[in-house]
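Down below is the structure, laid out as structure tokens.
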Amino acid sequence: MRLEKSRKALALAEKYLEILEELADDQEEFQDSFVGAIAVIRRVGHAVESESKVLGRTSGFGQWWRGTADDPRLKCVKGARDLVLKEAGEAAQVQHEVLVSDAAMARATAYNPSVITESHIDVVRDGTAPARYTFSVPSASPTDSGAADLTYRRTWVFTSGECAGEELIPALRRFLDWMRDEAIPRAEAA
């Protein structure tokens, strides 16, 4: 059997994940888009479950599928979806990071007096006062032709549930990969 609806749901979820990846640096747009994206991503599991039932899944697949209720990938996505849709909570927060030549110099941590101060960045977190983080730019190595370039990166992480503290985009990617590479093929082979 071929799970056409499940594959279509997966393709749509992958598009939503791509949109989230593109919006990672726009805090407001990301948060607004996350609510719909997590619902579409979670829908893939629902599609596999319902479509495999309708098409006559085997008892072996049914037993395997019931066992996935404890899988951390499924629990992570389900918990995030329930939090944002049922409880109107926030499942994700942004972590700010300052990078110098792709080497992390300051990660949302308090001032470290052992660091020679050459620059500051003020980071505003959701609903809190700005915090000042201090970092130093390392001296250029003999092979470097110029000063290091500063870049800023926002990393979205889960705030609670099975994936608390984990980066959001890679965790959602693992879930969709699992649906594509394991769940849907298992159901179709049954």
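Laboratory data are not the source of any read-out in this text; all were calculated from the coordinates shown. The model shown is predicted, which means the values in this text are computed figures rather than measured ones. Every residue, glycine as well, gets a Cβ built from its backbone with ideal geometry; the counts of neighbours run over all protein chains shown.
Of note:
- Ranked by the mean number of other Cβ atoms within 10 Å of their residues, highest first, the peptides 15-23, 61-69 come out as 15-23, 61-69.
- Neighbourhood charge, 15 Å Cβ-Cβ cut-off, centred on residue 186 and excluding it, Lys, Arg +1 and Asp, Glu -1: 0
- For residue 92, the amide hydrogen comes within under 5 Å of the amide hydrogens of 159, counting only partners 5 or more places away or on other chains and with H modelled in the peptide plane.
- For the pair region 1-16 / region 23-46, the C-alpha centres are spaced 17 Å from each other.
- Net charge over other residues, Cβ less than 12 angstrom from the Cβ of residue 62 (K, R count +1; D, E count -1): +3
- Counted over all Cα-Cα pairs of region 1-68, pairs farther apart than 16 Å make up 54 percent.
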